[in-house]
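Everything below concerns the one structure shown next.
The values are calculated or read from the model by the stated rules, or taken from the named source; none is laboratory data. Everything numeric in this text was worked out from a predicted model, so none of it was measured. All Cβ positions, even for glycine, are placed from backbone atoms using ideal geometry, and neighbour counts span all protein chains on display. Please note that ligands, DNA and RNA were not included when accessible areas were found on the heavy atoms of the full protein model with its side chains. Shrake-Rupley method; radii C 1.70, N 1.55, O 1.52, S 1.80 Å.
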Amino acid sequence: MRWIRARKWMVAALLAATPPLAHAGALAIVNARILPAPDVAPIERGTLLIRDGRIHALGASIELPEGVARIDAQGATAVAGYWNSHVHFIAPPLSEAASRPAGELGEALSAQYLRWGFTTVFDLASMSGNAIALRRRIEAGELAGPAILTVDAPFYPEGGTPIYVLEFEGMGEAARADEVATPVQAGERARRQLAQGADGAKIFAGAIVGGDTGVLPMPVPVARAVSDATHAAGKPVFAHPTNLEGLRAALDGGADVLTHPAPHVGTWPQDLLRDMLSRKIALVPTLRLFEIELDKDGAPPAVKAEVIGIAQRQVADYAAAGGELLFGTDSGYIDWYDTRDELRMMGEAGLDWRQILASLTTAPARRFGSGDRQGRLAPGQAADVVLLDADPREDVAGFAAVRAVYRDGRRVYPPAGAD
Ligand SMILES: [Zn+2]
């Protein structure tokens, strides 16, 4: 008993020696242009007061406690931390999250995600257990990184491991282990992955297998089994659609989020658009992905312009009809992390800064169950903050002009020691 008392006494002495408790962990970002959320009036010159990892107050005239640390954000725009709702950890070093040194992982996460303003990413399939291992090391404080949500391993239809997965460096035939043949098998694996920490599931509703088959749709009962198990846990189902059959399998199979547009379909058929809206489906644009894939295939400029134009129309028409967009790039699958092109292509499609900010912040936070604590600069929300060297209302590419990033009130970019 005696040592316990002694320890308590030591804690009390330590507290007495530190500055008044009210100032602990407080930070003020001053002189910033603040865009609190897409549906909230901007503050042209204001202060953001952060305390204990949360936003305590914001406004044009905030009274600051004495001695609070100040960051002068003159010329910068403050927005909420971004979500990238379509990434993969399938290339080294991030594909080897359990075994690589923390420094290597931290450098990759900084360059690929933090540096572009992402404080949360949703991994839409990696090697089983890998994203969860990466998350564990970040949350243990071994390295700085975004918050990670993951679907863990993907679900392919039987015989439907995509050709580009089989050809992806480091994957090959082993990827066929992620195929599911029956609803029972699919439901069991979904429940197992969720129990092991998955935050959702990813089905290949239309799997690109090449050859004579081309696109192999997932049987609806198999998709249904994954969705039922995932929804029972209150989690979302993502679907890779590809073509009209794949889209139908995704919708009838109970998916919530389409991981890409489906340019094969042309502009949305009206009945399909109505069905997507009534099911409250979210769509991830991944426009830059199409550009990269078409370039890789050596597509003639006219074909490239047509396919990208259709994808852009699908994104714009869906948003105009009231559909939800979630910003996402497919980074990790594509070796491209700079978000300027994606933002430019979204802007060219006709989306305005509010729609793009919603896709980066409020829409994913709400969709993935944390809208009450993430997605906005508002009192009580997590202090996930991006400072931009631009005003994205003038040019939406400005969302990529990242000066600094805070996650839970701690600066995660530039990394400590970089200044
Ligand atoms: Zn992907």
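For the reader, a short list of remarks on this structure follows.
- Residue within the stretch 4-15 that is out of contact with any His (no Cβ under 6 Å at 6 or more places or on another chain) and either at positive phi or at pLDDT 95 or above (or both) present: no
- Some residue of the stretch 267-280 being more than 16 Å from the ligand (Cβ to nearest atom) and aromatic (Phe, Trp, Tyr): yes
- Identity of the residue in the stretch 314-343, within 16 Å of the ligand (Cβ to nearest atom) and among the β-branched types (Val, Ile, Thr), that ends up farthest from Leu277 (Cα to Cα): Ile334
- Complete set of residues in the stretch 284-313 that are surrounded by fewer than 19 Cβ atoms within 10 Å (Cβ to Cβ) and within 14 Å of the ligand (Cβ to nearest atom): Ile292, Glu293
- Considering the stretch 86-119, and only residues there that are away from the ligand (no atom under 16 Å from the Cβ) and in contact with a Gly (Cβ under 6 Å, 6 or more places away or on another chain), the residue that is farthest from Pro261 (Cα to Cα) turns out to be Leu109.
- Close pairs (8 angstrom Cβ cut-off, 6 or more residues apart or separate chains): outside the structural domain of Ala239 (by TED's automatic domain parsing) in the stretch 284-306, among the small types (Gly, Ala, Ser) and in a helix (DSSP H, G or I) anywhere: none
- If you go through the stretch 41-85 and keep only what is open to solvent by less than 20 Å² (accessible area, probe 1.4 Å), in contact with a Pro (Cβ under 9 Å, 6 or more places away or on another chain) and either within 16 Å of the ligand (Cβ to nearest atom) or at positive phi (or both), you end up with Trp83, Asn84, Ser85.
- Pairs where the first residue, in the stretch 116-134, is among the small types (Gly, Ala, Ser) and the second is modelled with pLDDT of 95 or more and in a strand (DSSP E or B), C-beta under 6 Å, 6+ apart: Gly117/Tyr82; Gly117/Val386; Gly117/Val402; Gly117/Val405; Ala125/Lys202; Ala131/Asp123; Ala131/Ile148; Ala131/Thr150
- Filter result for Gly246 (in the same structural domain as Pro157 (by TED's automatic domain parsing), part of a loop (DSSP other than H, G, I, E, B), away from the ligand (no atom under 12 Å from the Cβ) and over 17 Å from the mean Cα position of the chain (by Cα)): no
- Scan the stretch 129-159 for residues that are open to solvent by 20 Å² or more (accessible area, probe 1.4 Å) and within 16 Å of the ligand (Cβ to nearest atom) and the total you get is 1.
- Criterion applied to Arg54, Arg45, Arg100, Arg70 was being within 13 Å of Val385 (Cβ to Cβ) and charged (D, E, K, R), and the one residue passing it is Arg54.
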